[in-house]
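Beneath this line is the structure, given in structure tokens, with notes to follow.
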Amino acid sequence: MRADTIDTLARSDDGRSFSVADAAGTPVVAGSLVVVADGDARQLALVESRSETEPPVLRGRLLGELVEGRLDTRRSHPFGEARLEPADLDTLDLLHDTTGARLEVGTALTPPGGPARLLAHRFNRHTFWCGQSGSGKTYALGVVLEQLLANTALPIVIFDPNSDFVRIGELDPAASGPAAEALAQRDIRVLRPNVEGAEPLRARFTAMPIASKAAVLRVDPVADREEFNSLLHVREVLESTEFEQIIPQLRDSDDSGRHRLALRLENLGVLDWEVWAGERTAATEVIDQRPDATVLDLGGFSTPEQQLVVALSVLDELWERREERRPVLLVIDEAHNLASPTLDSALAVAVRERLIQIAAEGRKFGLWLLLSTQRPSKIHPGIISQCDNLTLMKMSSPIDLVELGTYFGYAPAELIGRSPWFRQGEALFAGGFVPAPTLVKMNARLTPEGGSDVGVPMR
Ligand SMILES: Nc1ncnc2c1ncn2[C@@H]1O[C@H](COP(=O)(O)OP(=O)(O)OP(=O)(O)O)[C@@H](O)[C@H]1O
Ligand SMILES: [Mg+2]
């Protein structure tokens with residue numbers, strides 16, 4: 001018997017899960033990687049729960065067979081009585097190598113500790129990222145995006161409402177090593193409205209689908225059928241007319257639909273929005289080149305509708321051209337701005353509906369979402385229910401944690417339940433993009449944060 005063997009017996013009837021009826025003799029906690037050994041057969045396993053009964057009962061899942069220094073995650077088998085041993089760091093390495101977990105994002109807080117690594121190739125699913133304000137979501141998201149940028153060729157589009165990622169193309173002076181060197185080579189485009197010298201963040205109205213144009217102008221196809229119909233036919237006016245002539249030309253038209261459309265444009269002040277591309281490059285045209293990262297600095301607009309216009313134009317275009325199957329990861333920080341079930345303006349509903357569609361059907365076309373927000377109820381259920389990866393940071397509300405548990409069955413309830421005690425920068429990763437559910441202390445960023453917290457002025 002090995003010196004570190006825990007004198008505790010496990011059994012598995014189905015070859016998938018296992019239990020330990022009496023764990024009084026071992027301190028093993030939920031989230032621990034262990035090895036179950038019956039005779040010469042050894043299997044890697046994850047402890048998912050430890051009951052508070054006397055004696056305590058452990059339950060967990062088998063992750064694969066350990067055979068001659070290899071891990072076979074496609075096989076696991078039942079056993080009657082197996083000894084439980086703690087897994088060591090070499091076994092953790094084996095798990096990472098076998099599953100292709102190479103993106104190092106932090107250190108594991110669950111035994112045996114060591115580096116926490118994610119599977120880059122499993123960002124081909126949707127990811128939900130949740131935690132209360134100040135839990136460190138945006139910072140930690142930056143750590144993951146840096147690793148994706150450094151280690152993959154997956155183009156990323158960041159919807160950034162607080163200018164948090166506008167410096168992701170710069171390196172922190174203290175950053176060094178291969179990831180930092182790789183990051184320095186990446187093509188990162190930061191599109192900003194109203195910032196002198198920056199690439200502009202714009203949308204092209206004429207390129208938007210008719211339903212989205214109608215949403216911008218709040219034209220209803222039935223209630224406002226004349227105007228909607230005119231909208232179908234005014235493309236040439238919008239494309240060939242000098243900007244300041246658009247309203248006069250429509251207003252002077254004999255067509256009453258056009259006339260009304262002119263009044264609407266004027267009343268809404270839509271033509272005064274700084275979001276329209278005109279002669280300049282639109283965000284969709286930049287993204288079409290698939291830079292390694294495109295940051296959309298949505299916060300700088302003078303009205304919230306313009307954020308929605310940019311988001312809608314980008315999502316529409318990617319959806320419209322989905323058959324091209326050019327992969328892109330759409331990272332949406334503060335995702336409730338675009339995906340909340342309570343949004344009710346025509347524009348916001350159009351954005352949300354497009355996101356629901358991408359969540360449901362985008363995966364096979366290479367349109368993958370990563371949405372970050374403070375509470376699960378802030379995101380439409382049709383989107384959350386499509387997420388296969390979860391990152392949970394500190395969240396104190398029991399109701400929110402219960403709701404999360406209902407969506408993310410693959411995340412052990414006991415690990416979700418620890419979230420109220422997380423410190424800033426600590427997270428639970430669960431789902432396909434991590435070899436096993438893991439509590440993680442995130443690494444430091446390699447690039448500077450954009451807008452950080454504002455401090456209290458002191459005397
Ligand atoms: N792992 C970390 N190491 C150092 N500083 C951190 C870490 N995580 C967060 N911070 C700092 O804490 C502050 C809040 O973090 P962050 O902005 O990431 O929180 P958040 O969860 O995104 O909050 P909100 O929901 O309000 O956007 C920031 O100033 C950030 O620099
Ligand atoms: Mg944030």
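The values are calculated or read from the model by the stated rules, or taken from the named source; none is laboratory data. Everything numeric here is computed off the predicted structure, so don't read it as measured data. Methodologically, a virtual Cβ is constructed for each residue, glycine included, from the backbone with ideal geometry; neighbour enumeration extends over all protein chains shown. Quick note on the areas: whole protein, heavy atoms, side chains included, nothing else; ligands and nucleic acids left out. Shrake-Rupley method; radii C 1.70, N 1.55, O 1.52, S 1.80 Å.
At a glance:
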quantity: Accessible area per residue, Å², segment 228-337 with all protein chains present, probe 1.4 Å; calculated: 46
quantity: Share of carbon and sulfur in the accessible heavy-atom surface of the chain [1.4 Å probe, %]; calculated: 48
quantity: Using alpha-carbon coordinates, inclination of helix 137-151 to the longest axis of the chain, degrees; calculated: 90
quantity: Kirkwood Rh and Cα Rg combined as Rg/Rh, segment 121-262; calculated: 1.15
quantity: Spatially close lysines, pair count over the chain: Cα under 29 Å, gap of eight or more or interchain; calculated: 10
quantity: Degrees separating the helix 304-320 axis from the principal Cα axis of the chain, which is the longest one; calculated: 70
quantity: Alpha carbon centroid spacing (whole Å) that separates segment 296-311 from segment 36-58; calculated: 51
quantity: Degrees separating the helix 89-99 axis from the principal Cα axis of the chain, which is the longest one; calculated: 50
quantity: Packing-based ranking, highest mean first, of 295-305, 393-403 given that Cβ atoms within 10 Å are counted; calculated: 295-305, 393-403
quantity: Global size of the chain as Cα Rg and Dmax, reported in angstrom; calculated: 25.9, 94
quantity: Alpha carbon centroid spacing (whole Å) that separates segment 343-366 from segment 127-171; calculated: 21
quantity: For segment 273-334, the Rg and Dmax computed from alpha carbons only, in angstrom; calculated: 12.0, 35
quantity: Computed helical MRE - 222 nm, the chain, DSSP H runs ≥ 4 contributing -39500 (n - 2.57), nearest 500; calculated: -8500 deg cm²/dmol
